[in-house]
Amino acid sequence: MSNFDYDLFVIGAGSGGVRAARIAAGHGARVAIAEEHRVGGTCVIRGCVPKKLLVYGAHFAEDLSDARQFGWDVKETKFDWVVLRDNVLAEVARLEGIYGETLANHKVEVFKERAVLTGPQSVKLASGREITAKTILIATGGWPVRPEFEGSEHGITSNDVFHLETLPKRVVIAGGGYIANEFAGIFHGFGAHVTIVNRGDQILRGYDEQIRDRLLQISMTKGIEFRFNAPFEKITKNEDGTLHVEMKGCDAIDADIVLFATGRAPNVTGLGLDVAGVALNDKGAINVDDDNKSSVDSIYAVGDVTDRIQLTPVAIREGQAFADTVFGGKPTRVDYTNVPSAVFSHPPLAGVGLTEAQAKNKLGTIRTYTSDFRAMKNVLAGRNERALYKMIVDAATDVVVGLHMIGPDAPEILQAAAVAVKAKLTKADFDATVALHPSMAEELVLLK
Ligand code: NDP
């Protein structure tokens, strides 16, 4: 029996922390976990899950309208934000309960309070209790960044957006990344007027340029407005409680809410990292090696607090690899190549592997195949919205090194196709696969 209270103490019960705790306990470790907010973390409580439900909710706007072309006599429709909001929050509470049960079933002790490091193998809970552990895992995730300028406190972040009392009519969204484009589609679907205000001149940096351009063009056609190269100057409150937003280089905008979607920073403040001697990197994230170990031998970190790839499935893999390596006698490392990702915009987009620009830089000679088409459902609906699929092939080997798509169900299709890219299949392998007709995904095996 060790002299420590626990074999593993996890700080943060989000995707990475819960997976690590549960797997380590399954390997026989005595595990405790502390969570100051709600069990489930960003993804379950205030991120991926409630966001995706809102995306579904918003999509009904187009579905109900399109249904008429399919013969349905859809009378006047009305959207009730409070009904959707409360249903989504109830589903979040249900999932939170399931996460708690999973931990209990694995005999992980849960402390619903903040824990901070007091040394390399000790933590202190908010209640004052001191706990020792042989190994400590930091999985505290990230937190939305709110840019600092006059009046920026009047804006909200993605943490608040799921709890709005009423549906705003005019929404200004700051940033041009994942959250900005997803919530632009959500609020637009609910009938709000949306303006995306971006400090630079492009949206979704890192995604393939043609795919990004297609989203921009479709979003603008829908009526979402964009302001580029428009850094914020100040936000003031009007007498009626609405907001007056001033930016450099363009006219001011009045809005009901301003949503900051300007990135997420590692959650490290006040964690006692300096006391324990844990080093941060230049991005302010916990510096870890390939085995998730920090600069202190007994302290590890996984997920957004390490700022490698800020995606839930990556944090889960890191938590699993950590637990298998340290407690399961199965050394495992996460493979960060060909990680698929998606933006649940309207329409959604998804990608895996190299973009065309990256492939040209890395490989020199590449072949690019595209299919630019209107989904048959959109054709009958009279919706002039085109999908775009793009395949990037290494000309020397015929291996498919990138797949990028925008259009209905793109994330669903891309997840399956990502297996082929991960397995380094060739364009000839795609060509040899018989099409599944009629589907949108068949475009992938018909690219000429
Ligand atoms: P992103 O990193 O996607 O985008 C941030 C945007 O904000 C960029 O357009 C950036 O501009 C801009 N920006 C950054 N700092 C400032 C600033 N100080 N002032 C004005 N603009 C600024 O961040 P998000 O907040 O949208 O999302 C955070 C992370 O969460 C994502 O990176 C992603 O990893 C994850 N996420 C994943 C989702 C998914 O998988 N579907 C959904 C939502 C979030 P510039 O390009 O010039 O840097």
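Miscellaneous remarks
- Alpha carbon convex hull of the stretch 17-126, volume per residue in cubic angstrom: 129 Å³
- Between 189, 175, 206, the GNM of the chain built on Cα springs shorter than 10 angstrom shows 206 fluctuating the most.
- Beta bridges by DSSP in the stretch 11-132, antiparallel share as percent, to the nearest 5: 65 percent
- Of 221, 232, 250, farthest towards positive along the dipole that unit charges on Lys, Arg, Asp, Glu beta carbons give the stretch 210-291: 221
- Relative contact order, percent, the stretch 228-342 [alpha-carbon distance under 8 Å, six or more residues apart]: 13 percent
- Computed per residue of the chain from DSSP H runs no shorter than four, each worth -39500 (n - 2.57), the mean residue ellipticity at 222 nm is -10000 deg cm²/dmol.
- The chain - percent relative contact order, Cα under 8 Å, separation 6 or more: 16 percent
- Alpha-carbon centroid distance for the pair the stretch 312-366 / the stretch 38-88, whole angstrom: 29 Å
- Equivalent ellipsoid semi-axes, the stretch 173-299, via Cα gyration tensor eigenvalues times 5, rooted, Å: 36, 20, 13
- Working note: Cα gyration tensor of the chain, eigenvalues times five, square-rooted, sorted largest first, giving semi-axes of 38, 30, 21 Å.
- Residues whose amide H falls under 5 Å from that of residue 227, counting only those 5 or more places apart or on a different chain, are 196, 197, 198, with hydrogens built in the peptide plane.
- Our summary gives the stretch 124-198 a relative contact order of 24 percent, counting only alpha carbon pairs under 8 angstrom and 6 or more residues apart.
- Taking amide H as placed 1.01 Å from N in the peptide plane, residue 257 has its amide H under 5 Å from the amide H of 170, 172, each at least 5 places away in sequence or on another chain.
- By the rule of a second cysteine Cβ within less than 4.7 angstrom, the chain holds isolated cysteines at 250.
- The chain: most fluctuating residue of 281, 159, 338 per GNM, C-alpha cutoff 10 Å: 281
- Note that the stretch 372-389 has calculated 3J(HN,Hα) couplings of 10, 9, 9, 4, 4, 5, 5, 5, 5, 6, x, 9, 8, 10, 9, 8, 9, 10 Hz, one per residue in order, obtained from phi through the Karplus relation 6.51 cos²θ - 1.76 cosθ + 1.60 (θ = phi - 60°); glycine and proline are x.
- Solvent-accessible area assigned to carbon and sulfur over the stretch 279-400 amounts to 50 percent, based on a 1.4 Å probe.
- Structure note, pairs 52/237; 112/330; 52/107; 360/427; 51/237; 52/424: Cα-Cα distances above 19 angstrom occur for 52/237; 112/330; 52/107; 51/237; 52/424.
- Solvent-accessible area assigned to carbon and sulfur over the stretch 105-189 amounts to 50 percent, based on a 1.4 Å probe.
- Each residue of the stretch 9-22 was assigned a 3J(HN,Hα) from its phi angle through the Karplus expression (A = 6.51, B = -1.76, C = 1.60, θ = phi - 60°), giving 10, 9, 9, x, 9, x, 4, x, x, 5, 4, 4, 4, 5 Hz with x at Gly and Pro.
- If both residues of a DSSP beta bridge must be in the chain, then about 60% of such bridges are antiparallel.
- Placed amide H near residue 332: partners under 5 Å, 5+ positions off or other chain: 325
- Peptide packing for 20-29, 244-253 was compared via the average number of neighbouring C-beta atoms within 10 Å per residue; ordered from the highest value, the list is 20-29, 244-253.
- Computed from phi, the 3J(HN,Hα) profile of the stretch 314-320 under the Karplus parametrisation 6.51, -1.76, 1.60 (θ = phi - 60°) reads 6, 4, 5, 5, 5, x, 5 Hz, with x in place of Gly and Pro.
The values are calculated or read from the model by the stated rules, or taken from the named source; none is laboratory data. Everything quoted here is computed from the prediction, not taken from an experiment. Because the Cβ atoms are built from the backbone with ideal geometry, glycine has one as well, and the counts that use them run over all protein chains shown. These area figures cover heavy atoms from the full protein model, side chains too; ligands, DNA and RNA do not enter into them. Shrake-Rupley method; radii C 1.70, N 1.55, O 1.52, S 1.80 Å.
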